[in-house]
Amino acid sequence: QVQLVESGGGLVQAGGSLRLSCAASGSIASINTLGWYRQGPGQQRELVARITSGGVTTYADSVKGRFTISRDNAKSTVYLQMNSLEPEDTAVYYCTLRTIARTYWGQGTQVTVSS
């Protein structure tokens, strides 16, 4: 069983920065993709960014140039550095780990950006 534990959410003013972390534990396949999704109020869940075990990254257009995803394979941890935050970034952010077999989800962490 795999568990994902997120941390780093909170309240920040527009233009500020936050760094999210997600630590994975359990039986983790060596080939996997770690990612971040978010769900804003009244909105559908959407992909924010993801990174493969080989280091290939993908970003949503809305966060390109502002957010950076990275991973530490030794610690089984994925990070999301969020800069120049906007009120539209307000959402619950979920960490995911995708393997060939299935996708695991974290419990989510709230990010609130005030204007």
Could you work out what % of the accessible surface of the chain is carbon and sulfur, using a 1.4 angstrom probe and leaving DNA, RNA and ligands out of the count? 47 percent
Debye calculation, C-alpha points only, no solvent: report log10 I(q)/I(0) for region 25-98 at q = 0.27 Å⁻¹, in the same order as the q values. -1.33
For every other residue with a beta carbon closer than 15 angstrom to the beta carbon of Leu20, add +1 if it is Lys or Arg and -1 if Asp or Glu, then tell me the sum. +3
Of the peptides 45-53, 76-84, 101-109, how do they stack up when ordered by the mean number of other Cβ atoms within 10 Å, highest first? 76-84, 45-53, 101-109
Counting only protein heavy atoms and leaving out ligands, DNA and RNA, the solvent-accessible surface of Val12 at a 1.4 Å probe, in Å² to the nearest 10, equals 20 Å²
Roll a 1.4 Å probe over the protein chains and send me the accessible area per residue for the chain in Å². 53 Å²
Per residue of region 65-75, in order, report the coupling 6.51 cos²θ - 1.76 cosθ + 1.60 (Karplus, θ = phi - 60°) as ³J(HN,Hα) in whole Hz, putting x for Gly and Pro. x, 10, 10, 9, 9, 8, 9, 10, 5, 5, 9
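The values are calculated or read from the model by the stated rules, or taken from the named source; none is laboratory data. Note that the structure is predicted; figures quoted are calculated from it, not measured. Glycine gets a Cβ as well: all are built from the backbone with ideal geometry, and neighbour counts include every protein chain shown. These area figures cover heavy atoms from the full protein model, side chains too; ligands, DNA and RNA do not enter into them. Shrake-Rupley method; radii C 1.70, N 1.55, O 1.52, S 1.80 Å.
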